[in-house]
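K.L.:
Pasting in a structure now, in structure tokens, and then I'll have a few things to ask.
Coordinate-derived values only; no laboratory data. Because the structure is predicted, anything quoted here is derived from the model rather than measured. Methodologically, a virtual Cβ is constructed for each residue, glycine included, from the backbone with ideal geometry; neighbour enumeration extends over all protein chains shown.
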Amino acid sequence: MDEIIRLCEEIKDNKKCLGCGASKYDGCECIYCGSINDKLKVLADNLISVLNNTTDFDNKTLINLFSIKDLNIKEVNVILDRYNFDNVIDSRIDNLIQNRFSATITNDDAYLFSALIEGNTLNRQNIDFITMNLMRFMIMGKLDISNEKKKVVIKNFTEIFMRDKIKNPICIYSGKLDAQGDSFYNIIRFNEADIDKLLEEGDYIELLRLIFHECTHIHQHYCIDKGSLINYLLLLQTKEQIIRNNYPNYYRDNYKLYLEEVEARYNEYYSLLQIMQVFGLKMSDKSISVLNEEMINENKNMEDRRRVINGNQTTLDEVFDSIKLSANDLYKYPLLNLEYKIDNGNVVKKSVDELQRDYDAYLQNIKTPKEKEEIDYLYSRLIGEKVNKK
Ligand SMILES: [Zn+2]
Ligand SMILES: [Zn+2]
């Protein structure tokens, strides 16, 4: 049995197609580019010969066979059919779904579910649901699986929250990072040693905070690049990115008030409170009051426009106004077009009348009360008292 499990594990580790990077096969032939994965073929042949010499299969072995079902190896499917294992899996998942976030996950379930989310066999919805449940159990300190498997749960959990904001999210572990994590485009990287340490210590609160922090950055960068979501904070964050590009020390010297970081720290606490509620888990009154304190603090930081440049006190607006913008900036940072326009090839601030006209036009297309609130706030800040609210 152990030999079968070992081969299944190794097959999963070698599933990536060397031709195109996908991992969907018919036998050992990639369904996308048609190339044969030789390593996979050797492993599959070994597996088949062990299977042919085995008559009875225990639960753990069947779980492992199920987790490589997507390779469409005939011998594997015959065995799974013989044990009606698709139905076994379905009923275990149904049971989990029916209990929502109150199911108890036995060690046997933990083994099954963590093997399932590693494979490609389940649909997205089920993988997400299982992941959330495993994460909940992990936070409770009751999930008895290896740290390697826990890292798969954490990766999936992070990608669920990324998918809220962007398409094709990728979360990876990296051996060489200066920070606990970082993010760019659709990728979050976690420093593997730091994650190992948090798992070792069982510090899941810190782990969740790290996840929510990086997910916030993913969303910020997406919004700043696309300019599709319009709000005042994003406009200011855009400006700080431009300042940062012009003053290399700006980010480091203003870390505490740098608005992308302020918002990311705020969301660590906010999202943590939310997820605990979703999971139906209680935090101590003391930790809740600490979190509330921190949120109040970050809210204050959010309004603080004082900045330091080369050791001198200044403000965010002052530094930004000193930077000469080019037409290319308005193209690269779409949100700047809220406040600026191109006039005779120069970038200039829009007049109050122009801003008022923009504001009126936005009001025509507003879809939600939240959107209206954002637009009202943005223009009250850009136009000041003079905004003519409808
Ligand atoms: Zn391929
Ligand atoms: Zn950050």
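K.L.:
Can you give the FRET efficiency to the nearest 0.05 for Asp353 and Tyr331, using r as the Cβ-Cβ distance and R₀ = 30 Å?
P.N.:
After rounding, the FRET efficiency stands at 0.80.
K.L.:
Further question on the same structure: Within 10 Å of each candidate Cβ there may be at most 15 other Cβ atoms; applying that plus a DSSP loop requirement, which chymotrypsin sites (Phe, Trp or Tyr not before Pro) in the stretch 222-289 survive?
P.N.:
When the chymotrypsin sites (Phe, Trp or Tyr not before Pro) of the stretch 222-289 are filtered for loop state and at most 15 Cβ neighbours within 10 Å, Tyr255 remain.
K.L.:
Subtract the Cα-Cα distance of Lys197 and Ser322 from 0.36 nm times their separation in residues, and report this length gain in nm to one decimal.
P.N.:
The span from Lys197 to Ser322 would gain 40.6 nm if fully extended.
K.L.:
What is the spin-label model distance, in nm, from Asp178 to Ile97 if the labels are put 7 Å beyond Cα along the C-beta direction?
P.N.:
With each label placed 7 Å out from Cα toward Cβ, I get 4.7 nm.
K.L.:
For Arg306 and Lys372 in the same chain, what is the full-extension length gain: residue separation times 0.36 nm, less their Cα-Cα distance, in nm?
P.N.:
Here the answer is 20.9 nm.
K.L.:
Stretch Asn84-Lys167 to full length: gain in nm at 0.36 nm per residue minus the Cα-Cα span?
P.N.:
26.3 nm
K.L.:
Follow-up. Restrict the search to the stretch 135-214; then list the trypsin sites (Lys or Arg not before Pro) that DSSP places in a loop and that have at most 13 other Cβ atoms within 10 Å of their Cβ.
P.N.:
Here the trypsin sites (Lys or Arg not before Pro) that fit, given the DSSP loop and packing criteria, are Lys142, Lys167, Lys176.
K.L.:
For a footprinting-style exposure proxy, rank Leu71, Leu257 by other Cβ within 10 Å, fewest first.
P.N.:
Leu257, Leu71
K.L.:
Only bridges with both residues in the chain count here: give the DSSP antiparallel percent, nearest 5.
P.N.:
75
K.L.:
While we're on this one: Show which lysines lie in cross-link reach of Lys367 when reach means a straight Cα distance below 29 angstrom and same-chain residues fewer than eight apart are skipped.
P.N.:
Within reach: Lys165, Lys167, Lys226, Lys239, Lys332, Lys341, Lys349, Lys350, Lys386, Lys389, Lys390.
K.L.:
Pick from Asp70, Asp358, Asp128: which is most flexible by mean-square fluctuation in a GNM of the chain where alpha carbon atoms under 10 Å apart are linked?
P.N.:
Asp358
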